[in-house]
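The values are calculated or read from the model by the stated rules, or taken from the named source; none is laboratory data. Please read all numbers here as calculations on a predicted model, not as lab measurements. Positions of Cβ are generated from backbone atoms using ideal geometry, with glycine treated the same way; all protein chains shown enter the neighbour counts.
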Amino acid sequence: MKKKVLFVILAAFFIGFSSSIAQAIMIRELLTIFRGNELSVGIIMAIWLGGIFTGAVFSKTKQIVHPKFIIAMIIVHPFLFLVSLIVLYSIPIVYSSYGAFYQLDAEIMIALLCLFPQCFVIGYVFPVLIQYADELLVKHPGSIVFLLESSGAFAGGIAFTFFILFVLNPIGTAIVLLLCATTLPLLIYNQKKHCVTIALVFIILLFSITQTNKVEQTLIQKSFAINHPGSLLLYKRTPYQMMYVAKNYDTYSLYGNNIFYTQLPDDYEVRPLLHALFASIHDILGKNILIAGDTLYLPYVATKLQAVVDYCTVDRSLWNTFHTLGKQLYPDFDFNKFNVIFSDTRGLLSKTSRRWDGIVIIPPPPDSILHNRLYTLEFFQSCKMHLNQDGVFIMQIEGFANIMNPSLRRYISSVLNSFTKMFPTSIVSAGETIYLIGFNTGNTIDFNNYRQNYLTNFLKSDTGKSVAAIIPHFNPKELDMFFQPTHLAYLNTTIKHSAMVNTDIMPQAYFEYLANTLKQTDSYIGTFMIQPAVIAIIMICIAVAATAYFLRRGKEHAVKGLVIFIAGFISMSAMVIALMGYQNVYGILYYRIAFCNALFMLGLASGCTTTFTAKPLYALRIMTLIGSLTMLALFIIMKHVLLLYCSIFFIAAITGSLLPLLLKNTQETYTTRLLASTLDASDHLGAMCGALAAPFILLPIFGMYSIGILLLLSISLFVFKKWI
Amino acid sequence: MSRLTRKDIVQAGIASLQTALFTGTIAPLYYCFAAISYHEAMHWKKVDTKTVQCMLCPNQCMLSNGDKGLCKARQCINGTLYSLVYGNIAACHIDPIEKKPLYHFMPGNEALSVATAGCNFSCKFCQNWQLSQSHPHELDSKSITPVQLVNNALNKKTPIIAFTYNEPTIQYEYIYDTAVQAKKKHVACVIISNGYCNKNASDLLYPMLDAIKIDFKAYSQKFYSEICGGNLQPVLNNIVLAKKKKVWIELVNLLIPTLNDNPNDITAMAKFIKSHVGDTTPLHFTRFYPIYQLKNIPPTPVSTLERCKEIAVSEGLKYVYIGNVPGHPANNTYCHTCGKLVIERSGFYTTSNKLKSGHCPHCNTRIPGIWTS
């Protein structure tokens, strides 16, 4: 009996541990072949939760559980994880998307293929474990299994963030998990062979670690060669991204998470920006300039012209690679003359009180919340605050070729409105690349004088003469390419000055940019996904269908299922909003995602322990949930990370306590496993809807104010008080 | 005249409902009823009472009642083929002619550049995908008659009308009518085309034009079929035809890393140009930037452009340019006899033109091209 209980404990803990690591790795690896924005994350999460939901729905039989079945399930999960990883690495080899990103439809298919089978197992095993624990006459079986699984997931998140990430690659991790799964039952049921088993595990473990790197390298190199120009020289997992360096003839291309970042050497691409810089700051000798973006040429030139340059970049590993290549490719430039700051631009500006004569930003397009934070009113405000009197802010954004479709128009309008609100004295170019040039001066700038002055006087100035010596064939006339009168007139008449301003709380430009991106992929599903009404209708249909289905199991199933559905919806939506809020404030989330996940799991586990008390304390729980959501709202306003961590923990704790609580306080006579199946399925269905609703409905319409909707939903939980 | 099918109205209605819900406008429905005018098309044949075959381009779409062609610009209604883009101008700008790029055609002049929705190709690297991959009712277009367009060009003092941005030949009837009007008023007409047109249509249109720039996307059928959704041979035929019809022609090859920068293909392309259109035909190698569906490819290395230029020159082509690289010396024109600089350009502007009546000021060699309006 003791052994059986120990087995349940280890099995529940292991399935949580294994699934949490698998989730963190699968998200990271899927994002290296997907576009990497919040839509992809939403789809991955929805499929993950959908898989668990399906597994839980199917796990309803009343047959007596045999431990061998549980052993099989525990081994099957890491095995499927390993297979999914190999499938994932092989997809770009057999299904090339040369130079393009996969369509949303393909992303969904790939995510389904790689995630659904392993998630089905996770969902299926939970009610089985509860039934087995119940059969062993364990007190509070639901709470105990839930607690163990959540604790395992927490331990997995911590192990991944602080250990596995640095020592093992994904395939190696999956093999280690598989070995643990196979030795777990041996350790419990076959004590005499302990030493042999442990020795065997160690040998295979060491072998795996040495061999998996080769396997991974071969797969990644093949995949890269099929999907990108040039040959892969190096790939590396940095704390921020998966970095690739490729060589194509005499150029080197850098990719972050498989997305093209920059190419070296390239002395031409930055020329337009140089025109904007020199037209706005005629003599940059001795001027302090802050530069951020994906070009090395600009800071080199600025330094050569005796400007004092600070260059902002986030990823130290990426910079080191960049720097080594740059030294080979630009031997004439002195690297030590500019100061490299390892921070993202917005993070730097929030910490320092320094001021610059010029701030030049070349941000990536706002295709994620992380990048959108460089397009918001708050960012422009921060830049303005860090400019010296008469300082100039210059930013390069993606524009339009010759016309704008409605989403592109709204994206550009939203960014321009935010910019001009902060920089009323400004010059804006028009065309495929738009330059936003803001002046920190009260004087009006006349464009014709600005242009004429540059065309006639620049090359005569000391800076102009130096530029002509550094950059061959430099001609100020090129500035006119970005100020074609008809393009300017089109921009001015087409953009909507009434359009919403792009802010951290209401990231309008981000959603419009995404809509425009989806339009380019010809994705059938994508055209539906950007219609919040369609998604909302689909979700309502899912909720109604699920309630109707569970009503067939009994009224209590339907009502409790609905309660847990709402709780799951709230927790997952809140988590998505919290992660977006984190990115708004702190930038890259990549290396923190497993930690946030672990914190969520710790919350679930802790919440579960509160259900061992005799009183359900339902009202108190709902009040705490409301308090946690309020804490999340406060984090958005006050930007203190502790508020975020606390809110994640408490939201998880409350929603995590509901499932064991509802399972415990059964009013009618059902088998524990059937009710566990209903509750687990409803919880994950609600979470799945939350994972889709937050990025596709709530945030596009309400922005960060969506927390208000979640608060209303939390209050609605009081309605179900009599059922608890 | 507005002839909407039930499908159009239903589609526009759904789109309007969604936009009305979230943006408070009914733009799609408005465009559906207000902007599209129908004009009976040229170059098609009746298959039966309700089916027609469009003969304008090599796609030769068979269209039943209500169907639109692959180009989205021509629709069969009750056994007659209509153009949906006749005079429905969705984009109108004034560009330097060098931006097209046409380097040997009236340099330093501006062109009134117009475009409609639709295209008979579906290039994954289309810079103007918002025009080319849209249906006419999706864009906010303005109705302009050929006479009005020519008058606009005169009023704006642009001696050239350029049909550009999307594939112009899908607005065949409009270009034809405009060219007739333009000839009367001494305004030049040029098209910036993919050269994907059937011989009968090209035979009739090309003599009406003053210059054609053809995108010679690659010397590879695979590239045309996989990346552009078309075929190479009709393009080659039209390049030869344009020369035969004595229309000024310049060719552009946008080089995309790995996809169409194979030295063997470049050699074959240069050989074809030299033998079929002449060694003085300008060929522009332009730089690709990540765009539309090919956003994850780095820009073409400048060294690749230079290498391709060298291949073309070594094959005997005399005017080979490098484009989309502002400030590159290969943007300029050098006399093919004495090698001296005759036209200097910066970006898409001519900054110095030393030609004297189309002749090199140093050795008096005639530089091929059309140099005066």
(message) If I ask for residues that are within 11 Å of chain B (Cβ to nearest Cβ), assigned to a helix (DSSP H, G or I) and closer than 20 Å to B:SER346 by Cα, which ones from segment A:469-490 would you list?
(response) A:PRO476, A:LYS477, A:GLU478, A:LEU479, A:ASP480, A:MET481, A:PHE482, A:PRO485, A:THR486, A:HIS487
(request) Count, please, the residues in segment B:223-265 that happen to be within 14 Å of another protein chain (Cβ to nearest Cβ), closer than 19 Å to A:TYR249 by Cα and part of a helix (DSSP H, G or I). (result) 1
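What residue, among those in segment B:114-132 that are facing chain A (nearest Cβ under 8 Å) and not aromatic (Phe, Trp, Tyr), is nearest to B:THR145 (Cα to Cα)?
B:ALA115
State the number of residues belonging to segment B:342-373 that are in a strand (DSSP E or B) and either within 28 Å of the chain's Cα centre (by Cα) or surrounded by 15 or more Cβ atoms within 10 Å (Cβ to Cβ) (or both). Full working, then the answer.
If we filter segment B:342-373 for residues that are in a strand (DSSP E or B), which is where we start, we get B:342-346, B:349-353, B:356, B:359, B:366, B:370.
Checking the rest, the ones that are also either within 28 Å of the chain's Cα centre (by Cα) or surrounded by 15 or more Cβ atoms within 10 Å (Cβ to Cβ) (or both) come to B:342-346, B:349-353, B:359, B:366, B:370.
Counting residues in segment B:342-373 that are in a strand (DSSP E or B) and either within 28 Å of the chain's Cα centre (by Cα) or surrounded by 15 or more Cβ atoms within 10 Å (Cβ to Cβ) (or both) gives 13.
Would you say B:VAL325 is in a helix (DSSP H, G or I) and either touching a residue at least 24 places away in the same chain (Cβ under 8 Å) or in contact with a strand residue (DSSP E or B) (Cβ under 9 Å, 6 or more places away or on another chain) (or both)?
Working: in a helix (DSSP H, G or I): no; either touching a residue at least 24 places away in the same chain (Cβ under 8 Å) or in contact with a strand residue (DSSP E or B) (Cβ under 9 Å, 6 or more places away or on another chain) (or both): yes.
It is false that B:VAL325 is in a helix (DSSP H, G or I) and either touching a residue at least 24 places away in the same chain (Cβ under 8 Å) or in contact with a strand residue (DSSP E or B) (Cβ under 9 Å, 6 or more places away or on another chain) (or both).
Can you tell me which residues in segment A:178-237 are closer than 30 Å to A:THR251 by Cα and of a type in the set (Ser, Thr, Tyr)? Reasoning before the result, please.
Of the residues in segment A:178-237, the ones closer than 30 Å to A:THR251 by Cα are A:213-237.
Across segment A:178-237, the qualifying residues are A:THR218, A:SER223, A:SER231, A:TYR235.
Restricting attention to segment B:305-316, does a residue exist that is over 26 Å from A:TYR249 (Cβ atoms), touching a residue at least 40 places away in the same chain (Cβ under 8 Å) and either outside any helix (DSSP H, G or I) or not basic (Lys, Arg) (or both)?
Filtering segment B:305-316 for residues over 26 Å from A:TYR249 (Cβ atoms) gives none.
Checked against the condition, which is being over 26 Å from A:TYR249 (Cβ atoms), touching a residue at least 40 places away in the same chain (Cβ under 8 Å) and either outside any helix (DSSP H, G or I) or not basic (Lys, Arg) (or both), segment B:305-316 yields no hits at all.
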(request) Among the numbered conditions (1) of a type outside the set (Ser, Thr, Tyr); (2) more than 14 Å from chain A (Cβ to nearest Cβ); (3) within 24 Å of the chain's Cα centre (by Cα); (4) more than 20 Å from B:SER303 (Cα to Cα), tell me where B:GLY339 comes up short. (result) (3)
(request) Residue by residue through segment B:102-125, note down the ones that are out of contact with any helix residue (DSSP H, G or I) (no Cβ under 9 Å at 6 or more places or on another chain) and within 30 Å of B:ILE297 (Cβ to Cβ). (result) B:LEU102
(message) When the residues of segment A:281-301 are narrowed to those that are in contact with a helix residue (DSSP H, G or I) (Cβ under 8 Å, 6 or more places away or on another chain) and within 19 Å of A:ASN388 (Cα to Cα), which ends up modelled with the lowest pLDDT?
(response) A:HIS282
(request) Return the total of residues in segment B:109-142 being at pLDDT 95 or above and either of a type in the set (A, V, I, L, M) or within 24 Å of B:SER357 (Cα to Cα) (or both). (result) 8
(message) Can you find a residue that is closer than 30 Å to B:THR258 by Cβ and away from chain B (no Cβ under 14 Å) anywhere in segment A:112-120?
(response) yes
(message) Being farther than 25 Å from B:GLU226 by Cα, within 11 Å of another protein chain (Cβ to nearest Cβ) and either surrounded by fewer than 19 Cβ atoms within 10 Å (Cβ to Cβ) or not β-branched (Val, Ile, Thr) (or both) is the requirement here; does B:PRO299 meet it?
(response) no
(request) Return the pairs, sorted by first residue and then second, in which the second residue is in a loop (DSSP other than H, G, I, E, B), the first residue lies in segment A:495-513 and is more than 11 Å from A:VAL415 (Cα to Cα), the beta carbons are less than 6 Å apart, and the residues are 6+ apart or on different chains. (result) A:ASP504/A:THR376
(message) Being outside any helix (DSSP H, G or I) and either touching a helix residue (DSSP H, G or I) at 6+ places or on another chain (Cβ under 6 Å) or of a type in the set (A, V, I, L, M, F, W, C) (or both) is the filter here; which residues of segment A:511-546 pass it?
(response) A:SER523, A:ILE530, A:GLN531
(message) Looking at (1) away from chain A (no Cβ under 14 Å); (2) more than 23 Å from B:ILE249 (Cβ to Cβ); (3) of a type in the set (S, T, N, Q), which one does B:SER314 not meet, given that it meets all the others?
(response) (2)
(request) Would you please list the contacts, defined by Cβ atoms under 6 Å and residues six or more apart or on different chains, that run from a residue in segment A:195-211 that is over 15 Å from A:VAL167 (Cα atoms) to a residue that is at pLDDT 75 or above? (result) A:THR197/A:THR183; A:VAL201/A:LEU179; A:VAL201/A:THR183; A:ILE204/A:LEU179
(message) Quick check on segment B:145-165. Is at least one of its residues within 14 Å of chain A (Cβ to nearest Cβ), under 12 Å from B:ALA73 (Cβ atoms) and polar (S, T, N, Q)?
(response) no
(request) Pull up segment B:41-77, narrow it to residues that are more than 15 Å from B:GLY118 (Cβ to Cβ) and touching a Lys or Arg at 6+ places or on another chain (Cβ under 7 Å), then point me to the one that is surrounded by the most Cβ atoms within 10 Å (Cβ to Cβ). (result) B:VAL52
(request) Being under 18 Å from the mean Cα position of the chain (by Cα), modelled with pLDDT of 95 or more and not in a strand (DSSP E or B) is the filter; apply it to segment B:279-295 and report the residue that is farthest from the other protein chains (Cβ to nearest Cβ). (result) B:THR281
(request) Give the number of residues within segment A:200-227 that are under 23 Å from A:SER19 (Cβ atoms), over 30 Å from the mean Cα position of the chain (by Cα) and at pLDDT below 75. (result) 2
(request) Determine whether A:GLU556 is touching a residue at least 40 places away in the same chain (Cβ under 8 Å), among the charged types (D, E, K, R) and either assigned to a loop (DSSP other than H, G, I, E, B) or more than 30 Å from A:ARG373 (Cβ to Cβ) (or both). (result) yes
(request) Run down A:THR173, A:THR197 and say which single residue is buried (at least 20 other Cβ atoms within 10 Å of the Cβ), more than 14 Å from chain B (Cβ to nearest Cβ) and within 28 Å of A:SER19 (Cβ to Cβ). (result) A:THR173
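Residue-by-condition table, conditions (1) surrounded by fewer than 22 Cβ atoms within 10 Å (Cβ to Cβ); (2) aromatic (Phe, Trp, Tyr); (3) assigned to a helix (DSSP H, G or I); (4) free of Cβ contacts under 8 Å to residues at least 60 places away in the same chain:
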residue: A:GLY568; (1), (2), (3), (4): no, no, yes, no
residue: A:SER571; (1), (2), (3), (4): no, no, yes, no
residue: A:TYR582; (1), (2), (3), (4): no, yes, yes, no
residue: A:ALA594; (1), (2), (3), (4): no, no, yes, no
residue: A:MET601; (1), (2), (3), (4): no, no, yes, no
residue: A:ALA605; (1), (2), (3), (4): no, no, yes, no
residue: A:THR609; (1), (2), (3), (4): yes, no, yes, no
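Scan segment A:383-396 and give yes if some residue there is farther than 30 Å from B:PRO136 by Cβ and within 14 Å of chain B (Cβ to nearest Cβ), otherwise no. Talk me through it step by step, then tell me what you get.
Step one: filter segment A:383-396 for residues farther than 30 Å from B:PRO136 by Cβ, giving A:383-396.
With within 14 Å of chain B (Cβ to nearest Cβ) added as a condition, the list becomes A:396.
Checked segment A:383-396: at least one residue is farther than 30 Å from B:PRO136 by Cβ and within 14 Å of chain B (Cβ to nearest Cβ).
Outside any helix (DSSP H, G or I), among the aromatic types (Phe, Trp, Tyr) and more than 25 Å from B:GLU138 (Cβ to Cβ): is that true of A:PHE458 in this structure? Can you show your working first?
Working: outside any helix (DSSP H, G or I): no; among the aromatic types (Phe, Trp, Tyr): yes; more than 25 Å from B:GLU138 (Cβ to Cβ): yes.
No, not satisfied.
Which residue, of A:ASN449, A:ASN440, is more than 14 Å from chain B (Cβ to nearest Cβ), surrounded by fewer than 23 Cβ atoms within 10 Å (Cβ to Cβ) and more than 42 Å from the chain's Cα centre (by Cα)?
Working: A:ASN440 fails: more than 42 Å from the chain's Cα centre (by Cα).
The unique qualifying residue is A:ASN449.
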